[in-house]
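Below you'll find the structure, written out as structure tokens, and then a few comments.
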Amino acid sequence: MHRILVVSENAFLRHLVTLSLADLDAELRAVGGMDDMEGVCRAVGFDLVILLTATPFLCGRDVVHTLRPPGLRRPQVYVVSWQQSEQVVLGLLECGVDQYMTFPVSLARLRGKVANELMRTV
């Protein structure tokens, strides 16, 4: 079974995204922030991490290195954030973020991307 982690300081967003993914054949977990994310990621091997954030990114490298040990392609990292500058988005993608989407995000589109990723990695 696949494992998905949803990370957001906003409890409503966390719950909304978790509910939209509930019917997928996956174990879903949700945490409230980066510190919680680090602890859970050390204990559990996730296939996909969805990071919902309203704060601007200074460096995506820190996020990716926290989630994915060097040399591995797992977990896939999806970032959903408010519109960032082109340089920030390119930096996130160059650091290893697999998908970048902006708020307001279509839950159906996000769910579709997640479902496709899970089917691709069966």
Handout entry: Packing-based order for 82-88, 32-38, using average beta carbon neighbours within 10 Å, highest first
Key = 32-38, 82-88
Fill in the blank from the handout: Spelling it out for residue 101: with amide H atoms placed in the peptide plane at 1.01 Å from N, the residues 5 or more places away or on another chain with amide H under 5 Å from its amide H are 79, 80, 81
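Assign one of three labels to the chain, namely rounded, prolate or oblate, based on the Cα gyration tensor with a ≥ b ≥ c the square roots of its eigenvalues; rounded applies when a/c is under 1.5, prolate when it is not and a/b is larger than b/c, and oblate otherwise. List each step's numbers first, then the result.
Values: a/c = 1.33, a/b = 1.14, b/c = 1.17.
Rounded, since a/c falls under 1.5.
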Completion exercise
Counting only residues 5 or more apart in sequence or on a different chain, those whose built amide H sits under 5 Å from that of residue 6 are 29, 30, 31, 50
Problem - Cα-projected label distance for residue 94 with residue 74, points at 7 Å along beta-carbon direction, nm - result: 2.9 nm
Problem - Estimated 222 nm signal from helices in the chain, with DSSP H stretches of n ≥ 4 weighted -39500 (n - 2.57), rounded to 500 - result: -12500 deg cm²/dmol
Practice task
Name the residue, out of 44, 97, 31, whose mean-square fluctuation peaks in a Gaussian network model built on the chain with Cα pairs under 10 Å.
Solution key: 44
Handout entry: Global form of the stretch 1-51, assessed from the alpha-carbon gyration tensor, a/c cut-off 1.5
Key = oblate
Problem - Additional length obtainable on full extension of the chain from residue 82 to residue 120, 0.36 nm per residue less Cα span - result: 10.9 nm
Practice task
Could you work out how far the C-alpha centroid of the stretch 14-56 sits from that of the stretch 90-115, in angstrom?
Solution key: 14 Å
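Every number in this text was worked out from the coordinates using simple rules, so none of it is lab data. A quick note: this is a predicted structure, and the numbers were derived from the prediction, not measured. In this analysis, Cβ positions are derived from the backbone assuming ideal geometry, glycine residues included, and neighbour counts consider all displayed protein chains.
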